[in-house]
Amino acid sequence: MNRWYARLLAALLGVGLMVAVPVAASAHTDLAGSAPAEDTVVDRAVTSVRLTFASALNPDLVNAVVAGDEGNRAVGDPTVRGRVLTVPVQPLDRAGRYEVSYRVVSSDGHPVT
């Protein structure tokens with residue numbers, strides 16, 4: 001009977017490892033969406049940019065900047081709630097193309113830009 005328990009325990013441990021390893025390896029996060037959406041043309045001033053990721057973020061390790069092609073920048077203090085990073089946008093003085101740059105750290109400790 002002792003061998004039977006040992007084999008059962010070994011089998012359960014093997015199955016547990018097969019399930020746990022892919023979960024740990026896939027813990028990196030990806031950008032799942034944004035508001036305004038990528039390549040959107042807006043007809044009024046944007047007051048914040050919201051980035052939604054596939055998994056929770058470490059709120060102490062986030063950085064985001066909104067910058068225009070002529071050096072015009074709007075930098076606010078980002079906030080994190082779970083998977084959502086919100087960057088307040090200060091008033092910008094000219095219309096144009098703006099790019100959002102970010103660097104966050106996913107729950108597994110890997111940086112994502």
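Observations
- Residue 70 contributes an accessible area of around 140 Å² to the protein surface, as traced by a 1.4 Å probe with all chains present.
- Solvent exposure of residue 103, expressed as accessible area, is near 120 Å², computed with a probe of 1.4 Å over the protein chains only.
- Annotation: amide H of residue 55 within the under-5 Å range of 30, sequence separation 5 or more or interchain, hydrogens built in the peptide plane.
- Spin-label model distance (nm) - residue 30 vs residue 90, 7 Å beyond Cα toward Cβ: 3.5
- 3J(HN,Hα) couplings calculated from phi for segment 35-47 with the Karplus curve 6.51 cos²θ - 1.76 cosθ + 1.60 (θ = phi - 60°) are, in sequence order, 9, x, 5, 4, 6, 7, 9, 9, 9, 8, 4, 8, 9 Hz; Gly and Pro show x.
- The stretch between residue 79 and residue 58 holds 6.5 nm of extra length on full extension. This uses 0.36 nm per residue minus the Cα-Cα distance.
The values are calculated or read from the model by the stated rules, or taken from the named source; none is laboratory data. What you are looking at is a predicted structure, and each value in this text was computed from that prediction instead of being measured. In this analysis, Cβ positions are derived from the backbone assuming ideal geometry, glycine residues included, and neighbour counts consider all displayed protein chains. Areas reflect the complete protein model, heavy atoms only, side chains present, ligands, DNA and RNA absent. Shrake-Rupley method; radii C 1.70, N 1.55, O 1.52, S 1.80 Å.
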